[in-house]
Amino acid sequence: MSTSQPDASRQPEDRATPDSLLHARTGTDVSPEDLVLASGKDLTPQNLDWARRKLAEEGPAALDKILP
């Protein structure tokens, strides 16, 4: 019975992707709807108000904080 050993020929794809490469924002404006949906909430007036406040305080970075 063989034991599994690390394979020296493994490609770099086996490593974790750096966080800076995981953000999905494309540079376009972030809408309150985008922020609500990215947070997993329903599109309700209350959640849209929350998103508007969050975007006013944090700008587009609010979406980056929610997404991996």
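Before moving on, here are some points about what is shown:
Residues are listed down the side, and each one gets a yes or a no for (1) at pLDDT 90 or above; (2) surrounded by 14 or more Cβ atoms within 10 Å (Cβ to Cβ); (3) charged (D, E, K, R):
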{"position": "Asp19", "(1), (2), (3)": "no, no, yes"}
{"position": "Leu22", "(1), (2), (3)": "no, no, no"}
{"position": "Thr26", "(1), (2), (3)": "no, no, no"}
{"position": "Asp29", "(1), (2), (3)": "no, no, yes"}
{"position": "Leu35", "(1), (2), (3)": "yes, yes, no"}
{"position": "Ala38", "(1), (2), (3)": "yes, yes, no"}
{"position": "Asp42", "(1), (2), (3)": "yes, no, yes"}
{"position": "Asp64", "(1), (2), (3)": "no, yes, yes"}
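- Screening Thr3 with (1) assigned to a helix (DSSP H, G or I); (2) at pLDDT below 85 gives one miss only, at (1).
- Of the criteria (1) open to solvent by 80 Å² or more (accessible area, probe 1.4 Å); (2) at pLDDT below 95, which one Arg53 fails: (2)
- All positions within the stretch 49-68 that are within 8 Å of the chain's Cα centre (by Cα) and within 13 Å of Asp29 (Cβ to Cβ): Leu63
The values are calculated or read from the model by the stated rules, or taken from the named source; none is laboratory data. For clarity, every value in this text was computed on a predicted model and none was experimentally measured. Using ideal geometry, Cβ is built from the backbone for each residue, glycine included, and neighbour counts are taken over all protein chains shown. Side chains included, ligands, DNA and RNA excluded: accessible areas come from the protein's heavy atoms. Shrake-Rupley method; radii C 1.70, N 1.55, O 1.52, S 1.80 Å.
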